[in-house]
Amino acid sequence: MEIPSKFDAKGIESKWYAFWHKNNFFKSTPDEREPYTIVIPPPNVTGVLHMGHMLNNSLQDIIIRRARMRGYNACWVPGTDHASIATEAKVVEKLKSEGIEKSDLTREEFLNHAWKWTEEYGGVILEQLKKLGCSCDWDRTKFTMDPEMSESVLQVFEKLHDKGLIYRGFRMVNWDPEAQTTLSDEEVLFEEKNGNLYHIAYQVVNSDEKVIVATTRPETLLGDTAICIHPDDKRYLHLKGEKVHVPLTNRIIPIIQDDYVAMDFGTGCLKVTPAHDQNDKLLGEKHKLEVIDIFNSDGTLNENGGDYQNLDRFKARKIIAKDLETQRILIKTEAYRHKVGISERTKAVIEPRLSDQWFLKMEELARPAIDGVLKEKDIELLPEKFKNTYRHWMENIRDWNISRQLWWGQRIPAYFYGKSKKDYVVALDKLKALEKAKSKSGNDSLTVNDLRQDEDVLDTWFSSWLWPISVFDGIRHPENEEIQYYYPTQDLVTGPDILFFWVARMIMSGYAFRDKKPFSKVYLTGLVRDQKGRKMSKQLGNSPDALKLIEDYGADAVRVGLMLSSAAGNDLLFDESLCQQGKNFANKIWNAYRLIDGWEIKEDLKVPEVATEALEWYENQFEKTLTWVDENFDKYRISDALMSIYKLVWDDFCSWLLELIKPEYGQPIDRQTYIKVIALFEKNLRILHPFMPFLTEELWHFIADQKTEDSITVAAWPEAQNFNKKCINDFELAQQIIGGIRNFRKEKNITFKENISLYINTDKSNFSFESAILKLGGVTEIKYSNPPENLDGGKFRIKNLEFFIPTIEAEDPEAEKEKLTLELNYIKGFLASVEKKLSNQLFVANAPEKVIDLEHKKASDAREKILLLEKNLESL
């Protein structure tokens, strides 16, 4: 089969993906092999492919493809997350566009709409991942709202509740007025925002005196139930027991004393609003203050807002500030920059709100998760710098608010049967709940109709924290074959932004429900940023269309581009030109095979010496690179691994090996050299495959008529062998000499067609790869001696060797002197820097012995070269 002249990524990607899928190369079932398992961080079911997904899933695919080639039973489990807040918002938006309000629907009607929307639009991202080449076991695709997944979530809720770890409490929570649900502390982002500090006068009852209070939220004065002063603040001791008028209302509130107040902050007087501030709530409980909630769930003011009822909170703030100013109660307004809590999902400003919610006690669950990462080091975080972040979060963990005021999600399996808040039971269905309710209440006359299920759903993270267990049905059936075989998984690849949201919680659930870690290594990628360092986002318009990149450059090229810009754990500065670089690399590999494939083979030709030497060198160079690649994979330096392969293929294979072994124009190649270079090309393809699956599969089938089961997807990853360092070093010297000859030709305007001879001031026995120098340097003869004194020509130096090339014209002594002086000054500076390093006791004490030896050799070589240069200058 003749290979096309150009590599057409579009033409082959769908062909080979269908081939892999049809022949079950990605499918995994338990067998006698050792498993290698990765669970995908489930993207939102509403999501579409963006640059973060591209990076994260390219990394996972590279890791799992290599594991498959290494003989593991590779299992990569895909799936999506039901994303309660985001999905419900999308469905509400769609319904509004059709003239339907959520409030006009029953729960069941709304959920029917949500399921229809999910079936129509959900899972798009998984199809897009196939275009990237992701080798997931698609038969295992999970959705966090699948019946068996939901049942696992509810079982866990019941178990934790029965253990006393889940409880119901009336607490101050983070309220998102846009999504109209609570959020956990971790779902609240704090942003610096410009605001105002309003100084408001509260009139003391039966006195002309006024108490000045500074606040950023004047609207909340409608919920004030006290003014607090420090008991030791001499300025206000006389106000103990007094009362003040609340501005804009007819209410009178007490002045209380508490050492919570900072005397040196603001005016030293604090307005206390127990319904809308956590610290005020604690003060209110301590001093038995009234609690006045002034907000509706959507952030508008309720009936306690008086004349401002139904106004949005921010609009009310402006009007109240204006009214205070009109009544001369607003003493002054100052510009003030402060941190404001923002909803991670909707970006709405968070409102502290008192509410009955479900909480999970975290301290007990956190202990084994802290030990597993930080003490026993059962789980490795990469890069290690994230351990400190993990430690801080886990050692300062707070109870998790797990209830959400939504309809889309797993409904909390709590059933109320009486008037008291404590009159409830937790069960997986109503019939079981009825049995528990009868037992708990002692009332056998209760019926199913007497039970009212809690309206709230569970936080989405409460389902995804079980992901590595629930995808193998390990909650419902803890002894099943799959969970025993695949769990714990090997690697988790995700972003550091969800280290606590998801990673830490999975670690906690792993130890809690399996008594084992959920994975061995967590590889934390950086964020994808543009060339200005800005995070890529739709809002900024700086995020390229991921699918268009694949369309324009090909999946392999995009994968290479992402890896070239991605260092472990560091944010990557993505530049589309790297995708072009990936495309150029694909074309280079394609054309390299076309060159080899185009050679005519002659059976009775003898193997040239240059080919023998070159093949021996490349075999050693390949083994050296493979050792380095394997080491980088072990350290999760995937970008470094690719860079090593890139250099091996582009420079060593294409620019050196092929140039050395290719026959003269129009001439044939011997059979033995051809067989060896094809074998080496195949080895190149094997280590390239995880990075460039489509290109390598296409070329694999051009090389030979492969059987289906011989796909490169399951070809063996090469085992690194010992390599000859001397051979590699000798060839490196030959490369430098060839480079020196080429530079000499350029300086002297000697064309490559003109033959030259070369003098070297060393013995032939100390020298290797003469045939390579002769061929690529255009040299007819190498003489291992100093040139005759009267011979015109020029010199160049490599390390401590001096080379002379005869020319028709004599060298200009002054120009040569200037060149030698520059080179001598450089070498002296280099030697000084090496000696400084070797004189550093700290460096010598801590650096590996190999590094110290290398620095000594650098110094020795530099001294030899200095002597040689000084000798040459003296002769001039």
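Things to note:
- Between K783 and E631, the FRET efficiency estimated from the beta carbon spacing at R0 = 56 angstrom works out to 0.85.
- Between E127 and I675, the C-beta separation translates, for a Förster distance of 30 Å, into a calculated FRET efficiency of about 0.10.
- Annotation: amide H-H contacts under 5 Å for F295 (H modelled 1.01 Å from N, sequence separation of 5 or more, or interchain): N302.
- About the Cα centre, charge dipole magnitude for region 233-296 (Lys/Arg +1, Asp/Glu -1 at Cβ), debye: 240 debye
- Which listed pairs, of K799/K857; K385/K521; K10/K532, have C-alpha distances above 21 Å, in listed order: K10/K532
- Value at 222 nm in deg cm²/dmol, rounded to 500, when DSSP H runs of n ≥ 4 in the chain each add -39,500 (n - 2.57): -13000 deg cm²/dmol
- Each peptide in 261-269, 861-869 was scored by the mean count of other Cβ atoms within 10 Å over its residues; highest first, the order is 861-869, 261-269.
- Label-point gap, in nm, between D208 and A262 - each point 7 angstrom along Cα→Cβ: 3.4 nm
- In the chain, the longest principal axis of the Cα atoms and the axis of helix 577-597 are about 40 degrees apart.
- Cα point-scatterer Debye curve for region 30-111, base-10 log of I(q)/I(0) at q = 0.10, 0.17, 0.19 Å⁻¹: -0.44, -0.77, -0.86
- Full extension of the segment from E818 to K387, taken as 0.36 nm per residue of separation minus the current Cα-Cα distance, would add 149.6 nm.
- Selected from I63, I85, V48, residue furthest toward positive end of dipole (region 43-99; charges at beta carbon): I63
- Between N591 and N302, the modelled label-to-label distance comes to 7.2 nm, taking each label 7 Å out from Cα in the direction of the beta carbon.
- Charges were assigned to the Cβ only: +1 to each Lys and Arg, -1 to each Asp and Glu. The resulting dipole of region 1-117 about its Cα centre is roughly 480 debye.
- Debye, to nearest 20: dipole size of the chain, +1 on Lys, Arg Cβ, -1 on Asp, Glu Cβ: 1540 debye
- Gained length - E98 relative to F190, 0.36 nm times residue gap less alpha-carbon distance: 29.6 nm
- Here the 3J(HN,Hα) profile of region 480-492, calculated from phi with Karplus coefficients 6.51, -1.76 and 1.60 at θ = phi - 60°, is 5, 4, 5, 5, 5, 7, 8, 9, x, 6, 8, 10, 10 Hz, Gly and Pro shown as x.
- When Cα extents along the principal axes in Å is calculated for this entry, the matching label among (i) 81, 63, 53; (ii) 106, 70, 47; (iii) 117, 66, 51 is (iii).
- DSSP-defined antiparallel bridges as percent of all bridges, the chain, nearest 5: 70 percent
- Close amide H partners of W76, meaning residues 5 or more places away or on another chain with modelled amide H under 5 Å apart, are I38, D137.
- Along its three principal directions, the equivalent ellipsoid of region 354-399 from the Cα gyration tensor extends over semi-axes of 26, 12, 7 Å, largest first.
- J(HN,Hα) series, region 782-789, from Karplus relation 6.51 cos²θ - 1.76 cosθ + 1.60, nearest Hz, glycine and proline x: 10, 10, 8, 6, 6, x, x, 4
- Calculated accessible area for the chain comes out at 47 Å² per residue, all protein chains present (probe 1.4 Å; ligands, DNA, RNA ignored).
- Approximating the spin labels as points 7 Å out from Cα along Cα→Cβ, the D312-to-D705 distance works out to 7.2 nm.
- Once the chain from D31 to T762 is taken as fully extended at 0.36 nm per residue, the excess over their C-alpha distance is 257.0 nm.
- Accessible surface of the chain [probe 1.4 Å, protein heavy atoms]: carbon and sulfur percent: 48 percent
- Under the criterion of Cα pairs below 8 Å and six or more residues apart, the relative contact order for region 576-664 equals 37 percent.
- Angle between the chain longest axis and helix 725-748 axis [Cα atoms, degrees, rounded to 10]: 70 degrees
- Relative contact order for the chain, counting Cα pairs under 8 Å that sit 6 or more residues apart, in percent: 12 percent
- The residue list N279, S150, P478 was ranked by how far each Cα lies along the charge dipole of the chain toward its positive end, using unit charges on Cβ atoms, and N279 comes out on top.
- Farthest towards the positive end of the charge dipole of the chain, among the residues T220, F723, G510, is the Cα of T220, using unit charges on the Cβ of Lys, Arg, Asp and Glu.
- The alpha-carbon of K210 sits under 25 angstrom from the alpha-carbons of these lysines, leaving out residues fewer than 8 places away in its chain: K234, K240, K243, K271, K281, K288, K318, K322, K332.
- Förster-model FRET efficiency, 25 Å R0, D450 and E285, C-beta, rounded to 0.05: 0.15
- Computed over region 449-555: relative contact order in percent, which uses C-alpha pairs under 8 Å that are six or more apart: 23 percent
- Residue-wise HN-Hα coupling along region 149-156, computed from phi with Karplus coefficients 6.51, -1.76, 1.60 (Hz; x: Gly, Pro): 5, 5, 4, 4, 4, 5, 4, 5
- Close amide H pairs (under 5 Å, H built 1.01 Å from N) link T267 with A214, residues at least 5 positions away or on another chain.
- Once the Kirkwood radius over Cα pairs is known for region 566-617, the Stokes-Einstein relation at 37 °C and 0.692 mPa s delivers a diffusion coefficient of 219 µm²/s.
The values are calculated or read from the model by the stated rules, or taken from the named source; none is laboratory data. From a predicted model like this one, the values you see are computed outputs, not experimental measurements. Every residue, glycine among them, receives a Cβ derived from its backbone with ideal geometry; neighbour counts consider all protein chains shown. Protein only, heavy atoms only, side chains kept; ligands, DNA and RNA dropped before computing areas. Shrake-Rupley method; radii C 1.70, N 1.55, O 1.52, S 1.80 Å.
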